[in-house]
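Notes follow once the structure below has been shown.
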Amino acid sequence: MEDCNPTSNLQKGRVREMRKALVIIDIQNDITKNYKDVIGNINEAIDWAVKNSIHVVYIRHENLSDGTRTFKPNTFGAELASDLKMVSKNVFTKYKANALSSEEFADFISKNEICDFYIAGADAVACVKSTCYNLCKSDYGVSVLSDCITSYDKRKIGEMLKYYENKGSKIICLNDLL
């Protein structure tokens with residue numbers, strides 16, 4: 001992991017905010033309809049990130065397993081949802097739940113010396129959970145935007161927020177940022 005001390009390795013004129021990223025996980029056409037409940041908040045979080053010079057990163061899941069019907073490569077279902085605000089070309093594909101399993105995403109983190117992550121997206125009990133766990137395990141700062149995540153089973157979100165917090169994530173609301 002890069003040195004995430006706020007005073008080290010800073011190039012002249014470089015702002016601390018650029019060492020942060022808003023990560024939008026799996027807001028794709030095949031995701032549950034429940035994403036519609038949080039897409040407005042996610043788009044507001046994207047506006048906040050742009051206004052504050054924070055990297056915006058989009059993570060896409062592709063399912064390579066035989067017999068699966070969702071997130072198949074080169075299908076409409078694997079595309080990012082059309083109502084998701086696109087403000088960067090930082091789109092990375094993963095084939096496992098953990099976003100860090102994408103070598104391109106891991107390289108982006110290293111190249112940009114990102115230390116702190118704001119997490120939004122789906123699915124709270126799978127890909128969001130795995131990504132938060134692995135970012136915390138790697139000693140990154142992780143803040144989960146509680147009103148910018150969803151799940152196939154929304155009843156489990158409260159339980160997941162407690163899990164994230166127990167594993168080292170901070171739980172915040174979008175309004176905490178605005």
* Of the residues that make up segment 155-175, is at least one touching a residue at least 60 places away in the same chain (Cβ under 8 Å), surrounded by 20 or more Cβ atoms within 10 Å (Cβ to Cβ), under 16 Å from residue 38 (Cα atoms) and in contact with a strand residue (DSSP E or B) (Cβ under 7 Å, 6 or more places away or on another chain)? -> no
* Structure fact -> When segment 94-113 is checked residue by residue, the ones that are outside any loop (DSSP other than H, G, I, E, B) and touching a His at 6+ places or on another chain (Cβ under 7 Å) are 94
* Which ones in segment 131-154 are surrounded by 19 or more Cβ atoms within 10 Å (Cβ to Cβ), out of contact with any Leu (no Cβ under 9 Å at 6 or more places or on another chain) and closer than 16 Å to residue 61 by Cα? -> 132, 150, 151
* To do: Find the residue count for segment 26-47, including only residues that are modelled with pLDDT of 95 or more and within 18 Å of residue 173 (Cβ to Cβ).
  => 10
* Asked: Could you say whether any residue in segment 99-119 is out of contact with any Gly (no Cβ under 7 Å at 6 or more places or on another chain), modelled with pLDDT under 95 and not aromatic (Phe, Trp, Tyr)?
  -> no
* To do: For residues that are over 23 Å from residue 106 (Cα atoms) and assigned to a loop (DSSP other than H, G, I, E, B), scanning just segment 133-178, find the one that is modelled with the highest pLDDT.
  => 173
* How many residues are touching a residue at least 12 places away in the same chain (Cβ under 8 Å), within 23 Å of residue 140 (Cβ to Cβ) and surrounded by fewer than 16 Cβ atoms within 10 Å (Cβ to Cβ) when one looks only at segment 21-72? -> 3
* Only one of these is in contact (Cβ under 8 Å) with a residue 40 or more places away in the chain, on the phi < 0 side of the Ramachandran plot, surrounded by 18 or more Cβ atoms within 10 Å (Cβ to Cβ) and among the aliphatic types (A, V, I, L, M): 122, 97. Name it. => 122
* **Answer from 50, 15 - the residue that is of a type in the set (Val, Ile, Thr) and at pLDDT 95 or above** => 50
* **Positions within segment 27-43 being in a helix (DSSP H, G or I) and in contact with a helix residue (DSSP H, G or I) (Cβ under 9 Å, 6 or more places away or on another chain), in sequence order** => 34, 35, 37, 41, 42
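The values are calculated or read from the model by the stated rules, or taken from the named source; none is laboratory data. None of the values given here were measured: they were computed from a predicted structure. A quick note on method: Cβ atoms are made from the backbone with ideal geometry, for glycine too, and the neighbour counts reach across all protein chains shown.
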